[in-house]
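The values are calculated or read from the model by the stated rules, or taken from the named source; none is laboratory data. Here the structure is a predicted model, which means the values were calculated and not measured. Quick reminder, even Gly has a Cβ in these numbers, built from the backbone with ideal geometry, and neighbours come from all protein chains shown. Keep in mind that these areas ignore ligands, DNA and RNA; they rest on the heavy atoms of the full protein, side chains included. Shrake-Rupley method; radii C 1.70, N 1.55, O 1.52, S 1.80 Å.
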Amino acid sequence: MIRWIQAQKWQASSSVAVFCFLFLGGIDLIIQGPLVLSLTIALSLAVLMAANFPVVSVAALVVALALQLVFAFAAGFSAAAAILAVALLAAFAPRLWRLSGLAASMAVGALVAWQYAFSTELGEAKFGLAIQTEEGRLSGLAIALSLVVFSNALAWIGGRLLITRVKYVGTDLDQLVSEEQRAKLALEVAEQNERFEIARDINELIIQKISAVISQAEGGLYAAKTDPSSAIRSLERIGKSSRGAHTELRRLYDMLNKTHEVTAAPPGLAELDALVVLYRELGYNASLRNEGSPFAVNEGAQLAIYRLIFDALENVKEHCLVGTDVTIDFSWVADGMQVLVKDNGIEVSNRSIAALTGEDQEYNLEEDHNSLVRPISGPGITAMRERAALYGGSVEATRVPGVGFTISAIFPALRTNASDAV
């Protein structure tokens, strides 16, 4: 509710206030008569203004105190509105006003408790309790005051805890989104490290070429000394420029080869369990299974396989409804491995449409024909195939009519191409 009120502000506060007035006030109206509606209006106003104008909310609680003092209303269901106003003030109001609201609400409750203990006739039952003796009035007052203090303190502390959790911890969905972003960043960092590795290799090649240019320029300069001409000046300029370029490239090479590097470890096969849990929390029936005996592969291959599965799951999240079954099946053999990512997104979508329209959505011959002759393509599938090809693998995407999609990645010689031995 805290997040709802933060996002909607007046719409959310108005909805809660209207509920308090109509439902809680309606019950009190039946029990105590129309005069009690004045108290209900004050308490509903306190709820309405708590998140946006806490000063008005506290003032409304003070008005409720005055009404209670004048008319001596019996304890009713509208008291829940006062407790709710205290929780909202604790969550959204500055420190002064949330403490003032707590004090005002407790004062209203204490006044009700006092009137209950000393204005009730002996033997008269209220809420199933009756005071039988004069000494029992003090006991009734103590019990009522305890309930007032406990309920108000619980509402105040609950409001503070909820707003603290929303601000600094986040909801379960916030944490899941954060975990998904962390996984994406880990992939980007790992790919960036690979780019740095490639840049080092290319840079070394450029240095070798520039070194050859310098040697040729110096040789030409030596040969031209026997016949001074403008060629000498040209060769001198070539040598000077080449040496400058060589120096700058060497500086760049040294910078890229510094020991400082990003410390985030690239995600691998061990992180797939956490990824599956993430998608379960998002509402998908995800599962991970292994058949055969897994063998060790290097970090690069683990990253490629993880990214392949990550992209397949992202595709499920983008195109399939919540509640879709997603299975990740690994099959390990002596030298290779196959991974299948399967979903039943089409089946779930058809069931959803059938529930809304009352008409069964069955697959037909056209879907069979499309699944056989129309290949699934796109930049995502192309990227998967390129990553798999680095380790001698292949990727196929197929559509199962009336059921969903399957991504199949086969690495027939993974043990050889991605050995974990250094």
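Can you tell me which residue is most open to solvent (accessible area, probe 1.4 Å) among those in the range 409-422 that are assigned to a strand (DSSP E or B) and farther than 16 Å from ARG307 by Cβ?
In this case the residue turns out to be ILE410.
List the residue pairs whose Cβ atoms are under 7 Å apart, where the first residue sits in the range 173-185 and is part of a helix (DSSP H, G or I), the second is open to solvent by 100 Å² or more (accessible area, probe 1.4 Å) and at pLDDT 75 or above, and the two are 6 or more positions apart or on different chains.
What qualifies is LEU176/GLU281.
Working carefully through the options ALA74, ALA93, ALA85, ALA104, find the one that is of a type in the set (Gly, Ala, Ser) and under 13 Å from ALA17 (Cα atoms).
None of the others qualify; the one that does is ALA85.
Being farther than 15 Å from GLN68 by Cβ, assigned to a helix (DSSP H, G or I), open to solvent by 40 Å² or more (accessible area, probe 1.4 Å) and modelled with pLDDT under 85, is that true of even one residue in the range 106-129?
Checking the range 106-129: not a single residue is farther than 15 Å from GLN68 by Cβ, assigned to a helix (DSSP H, G or I), open to solvent by 40 Å² or more (accessible area, probe 1.4 Å) and modelled with pLDDT under 85.
All but one of (1) modelled with pLDDT of 85 or more; (2) under 20 Å from ALA144 (Cα atoms); (3) more than 35 Å from the chain's Cα centre (by Cα); (4) small (Gly, Ala, Ser) hold for ALA80; which doesn't?
(3)
For the range 388-408, what are the residues that are farther than 30 Å from ILE346 by Cα and open to solvent by 60 Å² or more (accessible area, probe 1.4 Å)?
LEU390 - this is the single residue of the range 388-408 that is farther than 30 Å from ILE346 by Cα and open to solvent by 60 Å² or more (accessible area, probe 1.4 Å).
For the range 380-400, enumerate the residues that are among the β-branched types (Val, Ile, Thr) and over 14 Å from GLN338 (Cα atoms).
If the condition is that a residue be among the β-branched types (Val, Ile, Thr) and over 14 Å from GLN338 (Cα atoms), then ILE381, THR382, THR398, VAL400 are the ones that fit.
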